[in-house]
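Asker: Take this structure first; my questions come after.
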Amino acid sequence: MEVKIVKTTSPKAKPDMATVPFGTYFSDHMFMMDYTTDKGWYDPRIIPYGPLEIEPCATIIQYATEVFEGLKAYRTPEGKIQMFRPDENAKRIKNSAERMALPQMDVDMMVDFMRQYVEFEADWVPSDPGTSLYLRPFIYATDPCLSLHPIHEAHFCIIACPVGNYFPDGLKPVPILIEKDDVRAVRGGTGYAKCGGNYAGAMRAGEKAEKNGFSQVLWIDGVERKYVEEAGGMNVMFKINGDVVTPQLNGSVLPGITRKSSLEIVKDWGMNAIERLITVEELIEAAQSGALEEAWMVGTAAVVCPIGELAYDNQRYVINGGTIGEVTQKLYDDLTAIQWGRVPDRYGWNLVVK
Ligand SMILES: *Cc1c(COP(=O)(O)O)cnc(C)c1O
């Protein structure tokens, strides 16, 4: 399908990459495509970035019928542009759309649209160390009707924002609050789907954590209320007695691509990387005994973020003396070197755009 192009007549100045806040400054263009049950997906186009016109009664506004993705395009030392595992994002948004009964898009077609969009916006991919172009693809339903019925109309959109170095002063361990009251997801629910609704229900706990000086929450499972699941917008990993341990994908945990990539990397180093159930009790005991040697979060935005302290039930547990652990640092260094093309892509994860 050919992508129609409408160029902006008022290109924006590029932001100062040292100060631009995450997710606030968007590139000149966006990708749009429409869907109806009769026509399927049609009219792919790259058009100037701007407000959407939408009926107040549209299902996205009333019933949060939306799924999204987050991935990055990186500038290599040679000046090339590459995306990190975009096929994984295309697969995941298809699964998310399936869960939300939204129209799905063919994986190869979606990857090709992302590639064409990044190629068109190439001069928005920054080159300063640690910077990248963050892509936000999303699908939302627009049926103009308050009654509940299957989706007939939707849009697929991609917007992009240049993002600065998440850790301008090096990796800094953050404090995390284990959330006892609110839950993010339940098995059979939408936890494994990357959908806006999951975040809407998580806002209250996130706000409480932030108010009390925590970086984000660590969620516990919603059924038995005893297993650790994931952090606010990132998966979580621990080093316990020398092994890397992470909560298994049980339907309520988001299957992160950074998580998946991290597991492959640490296994290649020769470490045990174990996906299993982890109770809060085990974690607290391990923190007290020192068996919990390191803890960190993984996700596209920060890639790897060390956890320096866990709080639970008004008690605080410092991990690794509040400093960054060896495995955490090594994983960050290895993964970011692959993403920014500073080392050969030994896994074939990057899609070179140009
Ligand atoms: C996107 C997301 C992650 C991380 O996934 P990546 O593919 O690694 O970016 C983890 N948890 C939640 C809830 C998410 O939305």
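Asker: Tell me, please, whether a residue that is within 21 Å of Pro129 (Cβ to Cβ), crowded, with 18+ Cβ neighbours inside 10 Å, of a type outside the set (A, V, I, L, M) and out of contact with any strand residue (DSSP E or B) (no Cβ under 6 Å at 6 or more places or on another chain) can be found in the range 262-284.
Answerer: No, the range 262-284 has no match at all.
Asker: Hey, another quick one. For the range 238-271, give me each residue that is in a loop (DSSP other than H, G, I, E, B) and more than 24 Å from Arg184 (Cα to Cα).
Answerer: Initial filter on the range 238-271 (in a loop (DSSP other than H, G, I, E, B)): 241-242, 248-256, 269-271.
Passing the criteria: Asn241, Gly242, Trp269, Gly270, Met271.
Asker: So which residues in the range 310-322 are open to solvent by 40 Å² or more (accessible area, probe 1.4 Å) and over 11 Å from Lys239 (Cβ atoms), if there are any at all?
Answerer: Restricting attention to the range 310-322, the residues satisfying the condition of being open to solvent by 40 Å² or more (accessible area, probe 1.4 Å) are 312-316, 318, 320-321.
If the condition is that a residue be open to solvent by 40 Å² or more (accessible area, probe 1.4 Å) and over 11 Å from Lys239 (Cβ atoms), then Tyr312, Asp313, Asn314, Gln315, Arg316, Val318, Gly321 are the ones that fit.
Asker: For the subset of the range 306-322 comprising residues that are in a strand (DSSP E or B) and of a type in the set (A, V, I, L, M, F, W, C), which member is nearest to Phe22 (Cα to Cα)? Break it down stepwise before answering.
Answerer: Filtering the range 306-322 down to residues in a strand (DSSP E or B) leaves 306-312, 315-318.
From what's left, of a type in the set (A, V, I, L, M, F, W, C): 307, 310-311, 318.
On the way: Ile307: 21, Leu310: 25, Ala311: 26, Val318: 28 Å.
Ranking the qualifying residues of the range 306-322, first place goes to Ile307.
Asker: Given the criteria in contact with a Cys (Cβ under 9 Å, 6 or more places away or on another chain) and either polar (S, T, N, Q) or not assigned by TED's automatic domain parsing to the domain that holds Arg92 (or both), does Met234 qualify?
Answerer: Values: in contact with a Cys (Cβ under 9 Å, 6 or more places away or on another chain): yes; either polar (S, T, N, Q) or not assigned by TED's automatic domain parsing to the domain that holds Arg92 (or both): yes.
Here the answer is yes, as Met234 does meet what is asked.
Asker: I've got another one for you. Would you confirm whether or not the range 39-50 contains a residue that is buried (at least 20 other Cβ atoms within 10 Å of the Cβ), under 22 Å from the mean Cα position of the chain (by Cα) and away from the ligand (no atom under 16 Å from the Cβ)?
Answerer: No, the range 39-50 contains no residue that is buried (at least 20 other Cβ atoms within 10 Å of the Cβ), under 22 Å from the mean Cα position of the chain (by Cα) and away from the ligand (no atom under 16 Å from the Cβ).
Asker: Select from the range 111-144 the residues that are within 17 Å of Ala18 (Cβ to Cβ) and of a type in the set (S, T, N, Q) and write down the one among them that is surrounded by the fewest Cβ atoms within 10 Å (Cβ to Cβ).
Answerer: Narrowing the range 111-144 to residues within 17 Å of Ala18 (Cβ to Cβ): 124-134.
Next, from what is left, pick out any that are of a type in the set (S, T, N, Q): 127, 131-132.
Details: Ser127: 13, Thr131: 21, Ser132: 30.
Taking the candidates together, the pick is Ser127.
Residues are listed down the side, and each one gets a yes or a no for (1) assigned by TED's automatic domain parsing to the domain that holds Lys80; (2) part of a loop (DSSP other than H, G, I, E, B); (3) buried (at least 20 other Cβ atoms within 10 Å of the Cβ); (4) of a type in the set (Val, Ile, Thr):
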residue	(1), (2), (3), (4)
Met297	no, no, yes, no
Val304	no, no, yes, yes
Ile324	no, yes, yes, yes
Lys330	no, no, no, no
Tyr347	no, yes, no, no
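Asker: Can I ask one more? Just need a number here: residues in the range 186-214 that are under 21 Å from Pro306 (Cα atoms) and within 14 Å of the ligand (Cβ to nearest atom).
Answerer: So the count comes out to 2.
Asker: Please pick out the residue among Asn314, Asn272 that is more than 18 Å from Val174 (Cβ to Cβ), at pLDDT below 95 and away from the ligand (no atom under 16 Å from the Cβ).
Answerer: Working: Asn272 fails: at pLDDT below 95.
Checking each option against the conditions leaves just Asn314.
Asker: Hey, any hits in the range 158-167 for a residue that's modelled with pLDDT of 95 or more and either open to solvent by 30 Å² or more (accessible area, probe 1.4 Å) or of a type in the set (Ser, Thr, Tyr) (or both)?
Answerer: So in the range 158-167, the residues modelled with pLDDT of 95 or more come out as 158-163.
Now narrow it down to the ones that are either open to solvent by 30 Å² or more (accessible area, probe 1.4 Å) or of a type in the set (Ser, Thr, Tyr) (or both): none.
Checking the range 158-167: not a single residue is modelled with pLDDT of 95 or more and either open to solvent by 30 Å² or more (accessible area, probe 1.4 Å) or of a type in the set (Ser, Thr, Tyr) (or both).
Asker: Mind listing whichever residues of the range 224-250 are farther than 20 Å from Arg85 by Cα, at pLDDT below 95 and within 13 Å of the ligand (Cβ to nearest atom)?
Answerer: Within the range 224-250, Gly232 is the sole residue that qualifies.
Asker: Okay, next question. Please find, within the range 57-99, the residue that is least open to solvent (accessible area, probe 1.4 Å) out of those that are more than 12 Å from the ligand (Cβ to nearest atom), farther than 14 Å from Ala193 by Cβ and among the basic types (Lys, Arg).
Answerer: Checking each candidate, the answer is Arg75.
Asker: If Ser252 meets every condition in (1) touching a helix residue (DSSP H, G or I) at 6+ places or on another chain (Cβ under 8 Å); (2) among the hydroxyl-bearing types (Ser, Thr, Tyr); (3) surrounded by 21 or more Cβ atoms within 10 Å (Cβ to Cβ) apart from one, which number is that one?
Answerer: Against the list (1) touching a helix residue (DSSP H, G or I) at 6+ places or on another chain (Cβ under 8 Å); (2) among the hydroxyl-bearing types (Ser, Thr, Tyr); (3) surrounded by 21 or more Cβ atoms within 10 Å (Cβ to Cβ), Ser252 comes up short only on (1).
Asker: Checking Lys239 against (1) farther than 16 Å from Glu281 by Cβ; (2) touching a helix residue (DSSP H, G or I) at 6+ places or on another chain (Cβ under 6 Å); (3) open to solvent by less than 20 Å² (accessible area, probe 1.4 Å), only one condition comes out false. Which one?
Answerer: (3)
Asker: Given the structure, is Glu88 among the acidic types (Asp, Glu), over 26 Å from Val6 (Cα atoms) and not in a loop (DSSP other than H, G, I, E, B)? Spell out how you get there, then give the answer.
Answerer: Details: among the acidic types (Asp, Glu): yes; over 26 Å from Val6 (Cα atoms): yes; not in a loop (DSSP other than H, G, I, E, B): yes.
The answer is yes for Glu88.
Asker: Can you name every residue in the range 187-222 that is more than 27 Å from Thr59 (Cα to Cα) and in contact with a Lys or Arg (Cβ under 6 Å, 6 or more places away or on another chain)?
Answerer: Trp219
Asker: Considering only residues that are within 16 Å of Val303 (Cβ to Cβ) and charged (D, E, K, R), look in the range 251-267 and name the one that is nearest to the ligand (Cβ to nearest atom).
Answerer: Arg259
The values are calculated or read from the model by the stated rules, or taken from the named source; none is laboratory data. It should be emphasised that the depicted structure is a prediction, and the values quoted were computed from it without experimental measurement. For neighbour counting, all protein chains shown are included, and Cβ atoms are generated from backbone atoms with ideal geometry for every residue, glycine included. Quick note on the areas: whole protein, heavy atoms, side chains included, nothing else; ligands and nucleic acids left out. Shrake-Rupley method; radii C 1.70, N 1.55, O 1.52, S 1.80 Å.
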